[in-house]
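To start, the structure under review is shown below, and the notes come after it.
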Amino acid sequence: MDVCFVGGGVAVGGKLGCSSLVKPRANGGVQRWHSVRTPVRATATATPFSPTEGNVEEDKVPVENKVPVEKKMTETPMVVDTGLNERIISKLQEKGITQLTAVQGGTLMQILNGRDIIARSRTGTGKTLAFGLPIVERLSQMRDDSSSPVGKKRGRGPSCIILAPTRELAKQVAAELDYVGSPLRIRTDCFYGGVSYSIQESAISRGIDVLVGTPGRIIDHLEKGNLDLSGVKFGVLDEADEMLSMGFADDIERIFDYLPPREERQTILFSATVPSWVKTIAKQHQKEPYLYDAIGREQNKTATTVRHCAIRVPEGDSRGAFLDDIITTYGGAMTQSRCLVFTQTKKEADELVTSGVIQGGAAVLHGDVSQRQREITLAHFRDGRFPVLVATDVAARGLDITGIDIVVQFSVPQDIDSYIHRAGRTGRAGRSGIAILLHSDRENDQLRRVERACGIKLERHGPPSAAKVLEASAQQASACLQEVEENVIKYFVGKASELIEDEDPKLVLAAALALVARRPKFQERSILTGLTEYRTLSATTKFALTPPDILRIIRKASSISGCSTKAGKIVICENDAQAVFDYPVEEVDLLLEGAAELKGIEIEVLNDLPRLKVDYGLRRGGMRGGYRSRDRDEGGGNRRRTSTDRQRYSKGSYRDRGRPNRRSNGRQGYGGGYGGGYGGGSYGSNDDDDDFF
């Protein structure tokens, strides 16, 4: 079967090898159709659509006004069954690609048939080849036409232009198309800023078939008169939604003004989301476009291979102190997990890299980094010379680095699309990945918005304890031993023999593993506040706790074991019969010893934070600032005593302490601790609460 096309039209009929078909135009002229060889199988039917007007969010558009969505093709054909040129198939097989992904299989026939398309797909699903394969196929057929300049005429203008939002993405797209197109003598060039104009002008003089570039540099060549886009048959916007978010909307409009009319070219838009601007572009520059939607109305807008975690970290500088621990812990048993960290500002990125908090080595990528250094940094990151790349959101857009195991968003992004694109840097091409979002208690509402908009459930965790970090480090260090070459080991055998003669072999090996893991010292840190030399403990009772209750518990334990009465920050948990607090490391054992004698109270060292009652702390004391009672009967606290509480007092479950003595020195403890909360000192000097338990 032959499918014959011009621009976006489709005709079926004739026989293989026909040179052209004609059909009458309404004005009396004729329209010429060029034949295209396609696989002998039924093509997917398509329903044209009219883009909705106005700035309307996609999910809020009434059903009757929505872009018609193609019924998802579950077929992911083997490449040998696609009918593509044998040399294209051979190049794919050399890379180990034997089967198309869903978006590739679902759009292949539509693009081959000349349809204008909007393709909506998650990142990491093979979008480049989805439009690249059919375009290269059609260009190769055009090259075989003696009247076509493709692949032959020197100084020819591009027949295909592909616009990408970033230099990195443009280079990656160009590399993939050059890989499959070069055997067919399809010349691909990439134009982006930061490199010499003369090199790109030489490429124009030689002739270009596929031009991939960033909007800014393409406009520069157009304004200089270097570039002729009048012969473009295929126009592609890759990551169209990112074009909008990066401020390229006007540039795209200017470039499209240089292209032939929409009736004379095929326009293809690939985008993870379809905001109103993309619909506007479709209305202005596409002919009855068709939306292939690989996401559809599914709630989950992110890759299904990604595990999403939200890790609560303290306010302030201690957020960075936890970063290396988080990467180590969530890297699992991988010898060197590859991690991409997103920051909001260049200053933040620089501080993370230069502060030394990332022990395994890290490099930075942001707008102040030269193009040459960017390329070196990315090459070294891909080669595994350092495990962590810290980048600003704008600088990292469009990066397509395979094998990223962990993405860390150092703070909650400003918009939902940013979260989707950042998380999409991992879990690509069927690999699993972890997307970690660091947040403070103030950002809990933003987390819920992310969950609702992305259709995901964030796993909520606190930062890892020192014990968890060391356990993960031991796993990674033991895996590293397998990487040592045999011809290296022999130089260490002699010294190893000496060591195990004098020391316990297990201890010697354990010390060596600790050095391999870069963990020669044990530094305790609070998982509540990030303060060093503090541990986070939990107190659990059968009744609702307040921060003053915790201070009384510590004071009572002190009277038994002699431990310090100074506590750090105190926070009540969602289960208000439990509270967590910081306590000096050197006093923990004494506190546990004294608390063991108290009835109805359990104190333990925490390795994981329970869910905290955030609103309690943020509004009145606890998490911030000092403590002041709003209930005279309560003796401090930000919680009015209920009738149930009064019954407990009267029945002797615990005794009413009364109001604290405002003249006592006990109030010195109210505002202490990290970031407010409850610091050292006892709650009051009244003696009538000594028999609290």
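The values are calculated or read from the model by the stated rules, or taken from the named source; none is laboratory data. What you see is a predicted model; the values in this text were computed from it and never measured. Don't worry about glycine lacking a Cβ; one is built from the backbone with ideal geometry, like all the others, and counts go over all protein chains shown.
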Ala174, sole failed condition from (1) free of Cβ contacts under 8 Å to residues at least 40 places away in the same chain; (2) more than 23 Å from Ser271 (Cβ to Cβ); (3) touching a strand residue (DSSP E or B) at 6+ places or on another chain (Cβ under 7 Å): (2)
Test: residue in region 111-121 that is among the hydroxyl-bearing types (Ser, Thr, Tyr), in contact with a helix residue (DSSP H, G or I) (Cβ under 6 Å, 6 or more places away or on another chain) and in contact (Cβ under 8 Å) with a residue 24 or more places away in the chain: yes
Kindly indicate which of Glu176, Glu137 is more than 32 Å from the chain's Cα centre (by Cα) and crowded, with 17+ Cβ neighbours inside 10 Å. Glu137
Of all residues being modelled with pLDDT of 90 or more and hydroxyl-bearing (Ser, Thr, Tyr) in region 223-263, which is surrounded by the most Cβ atoms within 10 Å (Cβ to Cβ)? Just the residue, please. Tyr258
Subset of region 283-303, residues at pLDDT 85 or above, buried (at least 22 other Cβ atoms within 10 Å of the Cβ) and either outside any strand (DSSP E or B) or out of contact with any strand residue (DSSP E or B) (no Cβ under 8 Å at 6 or more places or on another chain) (or both), comes to Gln286, Pro289
Answer with yes or no whether His439 is buried (at least 19 other Cβ atoms within 10 Å of the Cβ) and farther than 22 Å from Asp325 by Cβ. no
Could you check how many residues of region 539-584 are in contact with a Leu (Cβ under 9 Å, 6 or more places away or on another chain) and among the hydroxyl-bearing types (Ser, Thr, Tyr)? 5
Looking at Gly568, Gly494, Gly562, which is the one that is at positive phi and either touching a residue at least 40 places away in the same chain (Cβ under 8 Å) or not charged (D, E, K, R) (or both)? Gly562
Going by the conditions given, is Pro158 crowded, with 17+ Cβ neighbours inside 10 Å, assigned by TED's automatic domain parsing to the domain that holds Thr280 and over 34 Å from the mean Cα position of the chain (by Cα)? yes
So Val412 passes all but one of these: (1) modelled with pLDDT of 85 or more; (2) within 24 Å of Ala240 (Cβ to Cβ); (3) assigned to a loop (DSSP other than H, G, I, E, B); (4) not small (Gly, Ala, Ser). Which condition number does it fail? (2)
Among the residues of region 172-192, are any assigned to a strand (DSSP E or B), touching a His at 6+ places or on another chain (Cβ under 9 Å) and among the hydrophobic types (A, V, I, L, M, F, W, C)? yes
Based on this model, can you work out whether Ile135 counts as free of Cβ contacts under 8 Å to residues at least 60 places away in the same chain and not assigned by TED's automatic domain parsing to the domain that holds Ile401? no
Residues located in region 98-119, provided they are part of a helix (DSSP H, G or I), more than 13 Å from Gly83 (Cα to Cα) and not hydroxyl-bearing (Ser, Thr, Tyr): Ala102, Val103, Gln104, Gly106, Gln110, Ile111
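Does Arg115 qualify as being buried (at least 22 other Cβ atoms within 10 Å of the Cβ), closer than 14 Å to Asp293 by Cα and of a type in the set (D, E, K, R)? Don't jump to the end; show me each part of the working.
Details: buried (at least 22 other Cβ atoms within 10 Å of the Cβ): yes; closer than 14 Å to Asp293 by Cα: no; of a type in the set (D, E, K, R): yes.
No.
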Are any of the residues in region 264-278 assigned by TED's automatic domain parsing to the domain that holds Lys127, closer than 17 Å to Ile161 by Cβ, surrounded by fewer than 22 Cβ atoms within 10 Å (Cβ to Cβ) and at pLDDT 90 or above? yes
So Ala423 clears everything in (1) at pLDDT 85 or above; (2) surrounded by fewer than 19 Cβ atoms within 10 Å (Cβ to Cβ); (3) under 23 Å from Ala164 (Cα atoms) except one condition, right? Which one? (2)
Write out, first by first residue and then by second, each pair whose Cβ atoms fall under 7 Å of each other, whose residues are 6+ apart or on separate chains, and whose first residue, in region 464-476, is surrounded by fewer than 17 Cβ atoms within 10 Å (Cβ to Cβ) while the second is polar (S, T, N, Q) and part of a helix (DSSP H, G or I). Lys468/Thr329
Surrounded by 21 or more Cβ atoms within 10 Å (Cβ to Cβ), among the aliphatic types (A, V, I, L, M) and assigned by TED's automatic domain parsing to the domain that holds Gly157: is that true of Val195 in this structure? no
